[in-house]
Amino acid sequence: MSEMNAQTGERNASSLGQEIVGRINALAAISESPGNLTRLFLTPEHRAAGDLIMSWMVEAGMSARLDAIGNVCGRYEGEQPRSPCLMLGSHYDTVRDAGKWDGPLGLITAISCVADLNRRGRRLPFAIEVTGFADEEGVRFASTLLGSRAIAGTLNESVLATKDSSGKSVREALIEFGLNPDHVGAAARIRGELLAYVELHIEQGPVLEARNLPVGVVTAIAGANRLAARLTGMAGHAGTVPMALRRDALTGAAECISRIEELCRADDAGLVGTVGFIHASPGATNVIPGQANFTIDIRAPMDSHRKRGVNEIVRQIEAIAKRRNLALQVDVTHENRTVPCAPWLKQQVAAAVAAEGYGVFELPSGAGHDGMAMVDIADVAMIFVRCRGGISHHPDEHVDLADADAGARVLLLLIENFRPQDDGGAKKS
Ligand SMILES: [Zn+2]
């Protein structure tokens with residue numbers, strides 16, 4: 001791409017990629033553990049990261065502030081002050097031992113796009129807001145999307161009493177962060193203030209890489225269920241109880257896990273199932289396990305299909321438990337609906353991808369994102385950027401500079417050509 005030129009007003013897109021990667025590295029240095037990246041909600045490192053992000057926002061010509069739940073909020077005014085905004089963003093908390101791209105890529109890219117507009121003195125018929133969501137991963141308090149829920153006005157304030165593993169509540173952590181927990185409601189926005197919410201994020205899967213594409217257009221954020229299963233049999237001596245008389249809870253769990261995998265593998269409509277945790281007790285080499293607890297995570301791009309999948313999985317593990325004379329208890333611990341990306345907005349994302357010369361490829365998001373909460377206040381869309389090997393939530397997470405740059409160019413074009421839905425956006429083909 002051409003160099004930045006004040007006369008022609010052309011943007012220097014390749015330098016966007018460089019700026020983004022430099023800032024990704026700067027933000028990744030703010031971690032509570034040396035040697036790896038861990039930045040949890042409302043910790044001192046989280047606060048330091050928020051301050052750095054706000055300094056970039058100000059440098060990009062935005063006003064910047066911390067809202068009542070710890071989201072960082074930047075605003076770039078449109079041609080008219082107080083116009084409704086196109087909101088962009090992503091999260092700035094991480095999982096433990098995280099990669100540095102999950103969250104910050106979308107946030108930093110959005111800031112760089114605004115900085116590019118600002119350098120060219122370009123104002124649009126709408127404002128642009130960039131939000132760094134405070135709590136997407138939900139690692140510290142085991143309750144996700146607190147930042148985006150607060151903005152959408154759907155935060156249940158009972159969450160303030162939730163405690164982390166050290167016994168500190170969200171309320172106490174907010175005070176330590178410098179915020180007033182009695183004011184979290186003030187983070188809520190009004191629907192008419194947002195024209196749309198668009199998030200750029202790494203794919204966190206291998207599909208774009210397999211297709212040899214730097215970017216993709218997200219169709220929907222897949223709904224998910226989490227189940228907690230407990231199988232209870234009878235503990236016994238590993239030497240004295242004959243095999244035929246055993247009620248081994250762990251071998252029962254093993255059969256259930258294999259069956260879940262078989263069912264999902266046989267599905268051709270995107271059903272995915274994972275058992276990510278198992279605990280057997282009493283847990284000794286020479287004791288037949290009397291109890292096994294495990295979790296089941298089930299997702300699909302369509303709610304009806306996911307629900308059918310959940311029902312079938314429960315039916316089959318019930319049958320396994322019965323045949324093995326084990327007691328089974330299954331509890332649904334989490335359920336979220338599928339959030340479709342708005343067709344009118346998705347169309348504009350696709351147009352920007354095509355205009356940058358890339359093939360338009362649509363794919364669902366199997367991972368959760370802040371859009372799941374933002375949909376309660378605005379239409380949402382997402383742009384995925386290719387990541388190496390599909391690896392995420394891991395220090396090896398990587399995005400090539402060229403792909404970061406491609407994502408930035410698509411987002412910038414989307415912003416510059418953005419048309420609100422009631423401005424004919426829905427009718428354009
Ligand atoms: Zn993320």
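Any read-out appearing in this document is the output of simple, stated calculations on the displayed coordinates, not a laboratory observation. Everything quoted here is computed from the prediction, not taken from an experiment. Positions of Cβ are backbone-derived with ideal geometry, glycine not excepted, and every protein chain shown enters the neighbour counts.
Condition check for PRO395 on (1) outside any loop (DSSP other than H, G, I, E, B); (2) more than 12 Å from TYR197 (Cα to Cα): one failure, at (1). Contact map, segment 67-83: residues that are without any contact (Cβ under 8 Å) to a residue 12 or more places away in the chain paired with residues that are basic (Lys, Arg) and buried (at least 17 other Cβ atoms within 10 Å of the Cβ), Cβ distance under 7 Å, separation 6+ or inter-chain. No pairs are found. The single condition among (1) in a loop (DSSP other than H, G, I, E, B); (2) away from the ligand (no atom under 16 Å from the Cβ); (3) under 25 Å from GLY273 (Cβ atoms) that GLY368 does not satisfy is (2). Counting only strands (runs of 3 or more DSSP E) that fall entirely inside segment 225-310 and contain at least 3 residues that are under 28 Å from the mean Cα position of the chain (by Cα) and surrounded by fewer than 18 Cβ atoms within 10 Å (Cβ to Cβ), the qualifying elements are 291-300. For segment 137-156, filtered to residues that are touching a helix residue (DSSP H, G or I) at 6+ places or on another chain (Cβ under 7 Å) and outside any loop (DSSP other than H, G, I, E, B), the residue that is nearest to the ligand (Cβ to nearest atom) is SER148.
If you scan segment 71-109, which residues turn out to be more than 14 Å from the ligand (Cβ to nearest atom) and either surrounded by 24 or more Cβ atoms within 10 Å (Cβ to Cβ) or part of a strand (DSSP E or B) (or both)? Within segment 71-109, ASN71, VAL72, CYS73, GLY74, ARG75, TYR76, CYS85, LEU86, MET87, LEU88 meet the criteria. Going through segment 14-61 one residue at a time, which ones are under 19 Å from GLY106 (Cβ atoms), crowded, with 16+ Cβ neighbours inside 10 Å and among the acidic types (Asp, Glu)? GLU19, the sole residue that qualifies. Residues considered: ALA188, ALA173, ALA210, ALA253. Of these, the only one that is hydrophobic (A, V, I, L, M, F, W, C), more than 16 Å from the ligand (Cβ to nearest atom) and within 24 Å of LEU105 (Cα to Cα) is ALA210.
Would you be able to say whether some residue in segment 345-354 is closer than 23 Å to ILE190 by Cα and more than 16 Å from the ligand (Cβ to nearest atom)? Lay out the reasoning, then the answer.
Of all residues in segment 345-354, those closer than 23 Å to ILE190 by Cα come to 345-346.
From what is left, the residues that are more than 16 Å from the ligand (Cβ to nearest atom) are 345-346.
Yes - at least one qualifying residue is present in segment 345-354.
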